[in-house]
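No value in this document is a laboratory result; all are computed from the given coordinates. What you see is a predicted model, and the numbers here were worked out from it, not measured in a lab. Backbone-built Cβ (ideal geometry, glycine too); neighbour counts: all protein chains shown.
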Amino acid sequence: MDLLRAWVTAMVVFVLASMVTTVAAVGSDAAVDGLNDTTADRIAWNAVPMLLTFAAMTALGGAAHPRPQRFDTRRHAVATLAVPAALIPLALVYGLFNGPALSAWSGFVGALAGTASGWGLLRVARRLRSPG
């Protein structure tokens, strides 16, 4: 049950963050008028939202993992990283079939970096809370 709690939290964060980034992209004037089709624009519009989404998903999913089980590092890693690890390849495949390869790969790199950042944030928070 402890794993399910972390996984559901991560999935809810993913859905909410995806909705927010979609609304932001559609509602932005830059998305319609001012977006140049350059490498920097593709990276900015794909990698940055993926980085933030996956970092939040990893950190909040890990934070939702209950306290006694959280101290087992392997179990905590499974609870925290299972959903991002499942969604990263799905996002890459979806991106490759629905747009330029550069956009898909930049989103992939952003998702990997976000997952690593979220995990690192959890590790730092754990060290700060542990006595000694």
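The simple Förster model, with R0 at 22 Å and r as the Cβ-Cβ distance, assigns ARG67 and LEU121 a FRET efficiency of 0.80.
The simple spin-label model puts a point 7 Å past each Cα toward its Cβ; for MET19 and SER130 those points are separated by 3.7 nm. Between helix 101-129 and the chain, what is the angle of the helix's C-alpha long axis to the longest principal axis, kept within 0 to 90° and rounded to the nearest 10? Helix 101-129 sits at roughly 30 degrees to that axis. Its DSSP H runs of at least 4 residues, each contributing -39,500 (n - 2.57), put the calculated 222 nm mean residue ellipticity of the chain at -29500 deg cm²/dmol, to the nearest 500. Using equal-weight Cα scatterers in the Debye expression, the normalised intensity of the chain in log10 at q = 0.12, 0.15 Å⁻¹ is -0.49, -0.71. Starting from the Cα of MET1, step 7 Å toward the Cβ, then list every residue of the range 39-80 with an amide N under 14 Å from that point. From the range 39-80, the list is 66-69.
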